[in-house]
């Protein structure tokens, strides 16, 4: 029996050892997954914020374009919607004002069946919304109704499915179920139009029970880049422009903050140490059309102080590369010379009372510093939150603006809640969406959900794989679009011409060229192959990449430049193509090119533009499509060898 | 000799950069600190396999005297460098993993029942939380039969783990 006991003891010990080993091994595996998940997140965020930051800086250019684009047709007045007839063949909802529940129900059914709302009704809806919003103050004050809860939702970003899911789980907006939507209704998702139609319709129906805060994406400059403008132009071919102009007014009239029971502050982004609710109540908010600043100090917001610790907007140097940029310089870049569009605009950092509300992010360390990640607003610490809430006798700040894996996150000792309502924002399975319910006691209750194409729940492994794959592809595209510059820099380190450089050198080059703050060494296995001696075969970075879209036959340099700027070029093209027919006339091309040069104070020969325009119309039908537009840059390069156009090199 | 010294320095420099890169992934405020709760993930992602006890020892070494909930990079770097250079907390070879599962599989069935694995993982050794258990089951268990075919599981996990 003794041997039996000792065997038993050994057995227990080995069981325990085996268990510990398995647990240890599995935890390591999970930690790796978490690491991958974390850097995947970083990738998406970096690329997203870098894009937004660029947008803040490209704004001068686009702002100018858009302003002139609306004047290009001279005195053409906005179409009066009364003059628009709705055809017999239209089978969607018909709206009459004031709206009733049957209208909103009709809209819900229609959108579930992919049936759009006619342009006339869209314009009417926007017109009525504008009238309503004009009467509202900058800061909306609500009280929690007796025995009912207010529902607060965060970013939707054009995700109709998430909105419908919220309505399904929580109930349609009504006196029983009041809602606050905290900004960023549009951009990125494919159904921004339907989302705002529903939000505005419910607001008209129940103005006391439906509150909409402005987000940083309720801004026509952001919309140009992030998809809303394009979506409108695609869905409303005839009246798209009018709709966009009216949307611009509506967005600038949205209130910028909501306060519940004088205790809970709701804003889209956050606050700064300069936030003053009294000041905010008094500014003329409709004058802040965009937070994306023109060059120089903002004329749209009241003059703001500068940060004592960092550079002021005036201080930041204006980065110029070469004297007198040419028009071509602006629109395309070679790796050797010539600035990018971004380089030519001043790297200003946006500040202002409204910017801070719409762009700031909380941080865990105390203090308040410029939000350099985003290019606008602040990072605000728990002390800043505490001070503001105390000053106004409040207890809670609810904000959105940042995607969170669980759909919500609490920080600053429970004084700040982030609420985000677009599930699967970065990728299928990337995150949940959530909303808050707040009753009289002002204790928030959280509700999560996730729209899913699959009914089966994905394991962590599968979710990470999907998201990571997507993120890695995005990084590969970045590398591809900087290929020549990267290759040149790699070759500088590759003194022996072996095709290989050290991991260190590789990371250094990539970071300085691509200018994205990513964990390059950690990503390396997904991006580049190792040679047998442990160094990196740098050409392997570009192996998997082929352009996703058909790009016309161009020289390698140009291919990647076009690839990098294709979004910008597409935006420019879309601006020119007013009726969104996919074609621009030679005349429009000519006028727009003149605008570029006027804006930059660059002399361009009329004849040269004409020649350029005619030469890129390959099929000689008098109009230019997008592919021909892209070809223009190849042609410009070829024409460089002639003397008529300004030289690039 | 000078070359050896140079290459030794180069190795250490590489190790430092690796540690820095992993640290940065979790440095959300870009101020060279990370939340102490993420240290485990960082260490494990650098290729080390500490158990929970060993992890706590490391954390005790790098924490501030008055714990703030944050770990500073200046303290993390030397400790982690030592761990990597001394090859502490080595990885577990696949066949050893298999043996561990076989120890738990007392009846030598070639698989484990759901209840069996759950009992061992949540009651023995350094127990799993419910969340950890659920996650492992979702990855390891055949949902139709409620059985864990551990040989396949170990192979799959090892493949999924690029070095």
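What follows is calculated from the coordinates using simple rules that are stated; it is not laboratory data. Please read these numbers as outputs of a predicted model, since none were measured by experiment. Note that each Cβ is placed from the backbone with ideal geometry, even for glycine, and that neighbours are counted across all protein chains shown.
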So for the range B:1-126, using the alpha carbon gyration tensor with a ≥ b ≥ c as root eigenvalues (a/c under 1.5 gives rounded; past that, a/b versus b/c decides prolate or oblate), I'd call it oblate
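Multiply the residue gap between residue A:621 and residue A:411 by 0.36 nm, knock off their C-alpha separation, and tell me the result in nm, one decimal place. All intermediate terms of the calculation are to be shown ahead of the outcome.
Numbers: separation 210, 0.36 × 210 = 75.60 nm, distance 6.05 nm.
Result: 69.6 nm gained on full extension.
Please give the peptides A:234-240, A:155-161, A:132-138 ranked by average Cβ packing (other Cβ atoms within 10 Å per residue), highest first, as a rough proxy for protection.
So the order, starting with the most tightly packed, is A:155-161, A:234-240, A:132-138.
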Everything considered on the Cα gyration tensor (a ≥ b ≥ c; rounded for a/c under 1.5, else prolate if a/b is larger than b/c, else oblate), the range A:180-267 must be described as prolate
So the FRET efficiency between residue A:391 and residue A:11, C-beta based with R0 = 56 Å and rounded to 0.05, is 0.25
Of A:81-94, A:409-422, ordering from highest average Cβ density within 10 Å down gives A:409-422, A:81-94
Averaged over residues of B:14-27, the number of beta carbons from other chains lying within 10 Å of each residue's Cβ is 4
Rounded to one decimal in nm, the spacing of the 7 Å Cα→Cβ label points at residue A:148 and residue B:16 is 6.4
Taking R0 as 41 Å and r as the Cβ-Cβ distance between residue B:81 and residue A:112, the FRET efficiency 1/(1 + (r/R0)^6), rounded to the nearest 0.05, comes to 0.10
Residue A:273 and residue A:261 label points (each 7 Å along its Cα→Cβ direction) are spaced in nm at 3.2
Chain B: relative contact order from alpha carbon pairs under 8 Å, six or more residues apart, as a whole percent, is 18
Packing-ranked peptide list from A:277-286, B:33-42, A:431-440, highest mean Cβ count within 10 angstrom first, is A:431-440, B:33-42, A:277-286
In nanometres, the difference between 0.36 nm per residue of separation and the alpha-carbon distance of residue A:83 and residue A:372 is 99.2 nm
To the nearest 0.05, the calculated FRET efficiency linking residue A:237 and residue A:283 through their beta-carbon distance, R0 being 35 Å, is 0.40
Between residue B:54 and residue A:176, the two model label points (7 Å from Cα along the beta-carbon direction) sit apart by a distance in nm of 5.9
Inter-chain shielding metric for B:37-45, i.e. average beta-carbon neighbours from other chains within 10 angstrom, reads 5
